[in-house]
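Written below as structure tokens is the structure these notes are about.
The values are calculated or read from the model by the stated rules, or taken from the named source; none is laboratory data. No experiment lies behind these values; they were computed from the predicted model shown. Here the Cβ positions follow ideal geometry from the backbone for every residue, glycine too, while neighbour counts run over all protein chains shown. Calculation scope for accessible area: heavy atoms of the full protein, side chains included, ligands and nucleic acids excluded. Shrake-Rupley method; radii C 1.70, N 1.55, O 1.52, S 1.80 Å.
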Amino acid sequence: MRTLNLPMRNVSLKSIALPEFGADGELPEIPAAEFENRITRTLEEMKNRSLDGLLVFADREHFANFRYLTGLDPRFEESLLLLDKTGKRKILFGNECMSLTGSAPIPFEFELYQEFSLLAQDRSRSRGLEEILSDFGIRRDIKVGCAYYKYYSYKSSKIIPQQLDIPAYLADLLRKITGSENQVINANDIFMEASTGLRNNCSLNELAQFEWASVRTSESIKNMLREIAPGKKEYELARNFVGDGLPYSCHPMLSTGEKAKYGLSSPSANKVKTGDVFTAAFGVWGALSCRAAMVAEKPEQLDKKVAEFYEKFWRNYFQCVVAWYEGLGIGITGGEVYEKTEQARDKSVLDFALNTGHTIHLDEWVDSPFYAGSTIPLHTGVALQMDIIPVSKGGFVAANIEDGIVLADEKLRNEWSVKFPESWKRIEQRRDFMITQLGIQIKPEVLPLSNIPAYYPPYLLSKNLVAVIG
């Protein structure tokens, strides 16, 4: 990784009223032909890996690979997609999910497998799993890939194929039928790897859906921020979280005061107080928005030592965020973006809790190209999350400016403007706001999806006083 000598950008506060970017337009749909194309692309990836069969397991929490291929996702139960290299496909559902079969966007064979059902429900009407798999064509000496939600590459970029993430009963059975653990491999990278994974190379329809979703999460956070006041209860503020029916990608998060130390906590009856640390996040399929800051109008309302440190903390964090946004571009590696954000970081003030961002899809975190030494090039059609979580090296303070963007080459941008003009108008307005109002010089291929794009009030009771460059 080459050393990048970047000038530190000056950060100041400016009173800026956030524009209304709009939220009109229908939720874009994924047509049946696109689901068929996903199956075709998956079969091509299976051929590249010499896989005879692929099993995609899913449950309520980890459903995204399954839904990507089927347009369905399990409720209450587990589910399993069987895919043969010839294109034959079958879905196994439990008692309650069998009602979903009529809503599949493309044809599948369905079979009831009642062991996926909840406890004490009837299990008398389905075949055993070994019989089902054998009849489908899983047999000795064939090579089977398994996908659920994670692949393993312990301390290296090389994937460990025999480490499976599916339940043990299924892994054991597959190894028994095929005759060897070497015949059953982890195939999650087909869908999830940061560069080539199918779900990290999105269609225009998918990306337009994510923009629609991001409008919902960012408007929710925006409305919540406007209502923050001493005495407000967390659950009262969380009433602003409105996803217009989109399923959650994670539970809603909102905490103030000492409780904010546990940032993943759900809203409670805890009341906001001046001087509190405050954090909130709301995510649905394809989008998540988060803000964290201090409950105050100005530094003087904080403890003197906290105020002195917080001024350094939020300003340096914003510099890191700006370095990230300005570093993004098609063909630039994730490692280069990481290096730019790392150079912006004041090592005496904050650490990064995790990667400096990641890819996003129906699930909130798919994979990440952003880490030291990453040679993964950023590409058109990828949905990315500005998710730099700063860890204070001083007092108990917090900052966060998390939103989603898309990288799109000129061809994809032109297609977007024609097919989804309302969505495209919002994107152009957000880009202009970030460049002209906030001073963040993003490249033409960087498309912000949030209606609060990099908009950050570090003192939450001064609602329009936001961080800018210059």
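Only residues that are in contact (Cβ under 8 Å) with a residue 40 or more places away in the chain and more than 18 Å from G404 (Cβ to Cβ): list them for region 429-438, please.
Listed by number, the list holds a single entry, Q437.
From F278, F318, F282, which residue is within 30 Å of A408 (Cα to Cα), assigned to a strand (DSSP E or B) and within 28 Å of the chain's Cα centre (by Cα)?
F282
Could you grab me the full set of residues in region 352-381 that are more than 19 Å from V321 (Cβ to Cβ) and of a type outside the set (G, A, S)?
H361, L362, D363, V366, D367, T375, I376, P377, H379, T380
Could you tell me which residue of region 375-386 is nearest to the chain's Cα centre (by Cα), considering only residues that are within 22 Å of L288 (Cβ to Cβ) and without any contact (Cβ under 8 Å) to a residue 60 or more places away in the chain?
Looking at residues that are within 22 Å of L288 (Cβ to Cβ) and without any contact (Cβ under 8 Å) to a residue 60 or more places away in the chain, I get L384.
Could you list all residues from region 345-365 that are open to solvent by less than 10 Å² (accessible area, probe 1.4 Å), more than 18 Å from T196 (Cβ to Cβ) and not β-branched (V, I, T)?
Across region 345-365, the qualifying residues are L350, G357.
Identify, please: which residue in region 298-315 is open to solvent by less than 30 Å² (accessible area, probe 1.4 Å) and touching a residue at least 40 places away in the same chain (Cβ under 8 Å) and is, among those, nearest to the chain's Cα centre (by Cα)?
If we filter region 298-315 for residues that are open to solvent by less than 30 Å² (accessible area, probe 1.4 Å), which is where we start, we get 302, 307, 310, 313-314.
Of the ones still in play, those that are also touching a residue at least 40 places away in the same chain (Cβ under 8 Å) are 310, 313-314.
On the way: Y310: 28, F313: 25, W314: 24 Å.
Only one residue tops the list, namely W314.
Of the residues that sit in region 210-240 and are of a type in the set (K, R) and under 17 Å from L460 (Cβ atoms), which one is surrounded by the most Cβ atoms within 10 Å (Cβ to Cβ)?
Going through region 210-240, the residues of a type in the set (K, R) turn out to be 216, 222, 226, 232-233, 239.
So of that shortlist, the ones also under 17 Å from L460 (Cβ atoms) come out as 222, 226, 232-233.
Values: K222: 20, R226: 14, K232: 17, K233: 16.
So, considering only residues that are of a type in the set (K, R) and under 17 Å from L460 (Cβ atoms), the one surrounded by the most Cβ atoms within 10 Å (Cβ to Cβ) is K222.
So the check is Cβ under 6 Å with 6+ separation or different chains; which pairs have a first residue in region 129-140 that's farther than 20 Å from G94 by Cβ and a second one that's of a type in the set (D, E, K, R)?
Hits for this filter: G137/D84.
Can you say whether T256 is open to solvent by less than 10 Å² (accessible area, probe 1.4 Å) and either free of Cβ contacts under 8 Å to residues at least 60 places away in the same chain or of a type in the set (K, R) (or both), as far as the supplied structure shows? Walk me through how you get there before you give the answer.
Numbers: open to solvent by less than 10 Å² (accessible area, probe 1.4 Å): yes; either free of Cβ contacts under 8 Å to residues at least 60 places away in the same chain or of a type in the set (K, R) (or both): yes.
Judged against the criteria, T256 is a match.
Check L204 against each of (1) farther than 18 Å from L447 by Cβ; (2) open to solvent by less than 40 Å² (accessible area, probe 1.4 Å); (3) of a type outside the set (S, T, N, Q) and name the one condition it does not meet.
(1) is the only condition that L204 fails.
Starting from region 260-286, keep only residues that are on the phi < 0 side of the Ramachandran plot, then list their pairs with residues that are loosely packed, with under 14 Cβ neighbours inside 10 Å and assigned to a helix (DSSP H, G or I) whose Cβ atoms are within a distance under 8 Å, requiring at least 6 positions of separation or different chains.
Listed pairs, sorted by first residue: V277/K261.
Can you list residue pairs whose Cβ atoms sit under 6 Å apart, with the first residue in region 161-183 being under 13 Å from S134 (Cα atoms) and free of Cβ contacts under 8 Å to residues at least 40 places away in the same chain and the second being of a type in the set (D, E, K, R) and assigned to a helix (DSSP H, G or I)? Count only pairs 6 or more apart in sequence or on different chains.
R175/E181
Among residues belonging to region 119-149 that are assigned to a loop (DSSP other than H, G, I, E, B) and among the β-branched types (V, I, T), point out the one that is farthest from Y169 (Cα to Cα). Explain how you work it out, then say what you get.
Pass one, region 119-149, residues assigned to a loop (DSSP other than H, G, I, E, B): 119-128, 137-143, 148-149.
Remaining after also requiring among the β-branched types (V, I, T): 138, 142.
Numbers: I138: 16, I142: 19 Å.
The qualifying residue farthest from Y169 (Cα to Cα) is I142.
Which one is farthest from L460 (Cα to Cα) among residues in region 334-360 that are out of contact with any helix residue (DSSP H, G or I) (no Cβ under 9 Å at 6 or more places or on another chain) and assigned to a strand (DSSP E or B)?
Taking the candidates together, the pick is H358.
Answer with yes or no whether A194 is of a type in the set (G, A, S) and closer than 26 Å to K273 by Cβ.
no
Residue by residue, here is whether (1) in contact with a helix residue (DSSP H, G or I) (Cβ under 9 Å, 6 or more places away or on another chain); (2) assigned to a loop (DSSP other than H, G, I, E, B); (3) of a type in the set (A, V, I, L, M) holds:
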| position | (1), (2), (3) |
| --- | --- |
| K222 | no, no, no |
| R226 | no, no, no |
| G231 | no, yes, no |
| N240 | yes, yes, no |
| C250 | no, yes, no |
| K273 | yes, yes, no |
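Enumerate the pairs (first residue in region 216-227 and of a type outside the set (V, I, T); second residue anywhere and surrounded by fewer than 20 Cβ atoms within 10 Å (Cβ to Cβ) and modelled with pLDDT under 95) with beta-carbon separation below 7 Å, excluding pairs fewer than 6 apart on the same chain, so at least 6 apart or on different chains.
Listed pairs, sorted by first residue: E219/A23; L225/K463; R226/K463.
Residues of region 271-297 being over 20 Å from A454 (Cα atoms) and open to solvent by 50 Å² or more (accessible area, probe 1.4 Å), which ones?
Scanning region 271-297 gives K271, K273, T274.
Mind checking which residues of region 358-392 are among the charged types (D, E, K, R) and farther than 20 Å from E339 by Cα?
Across region 358-392, the qualifying residues are D363, E364.
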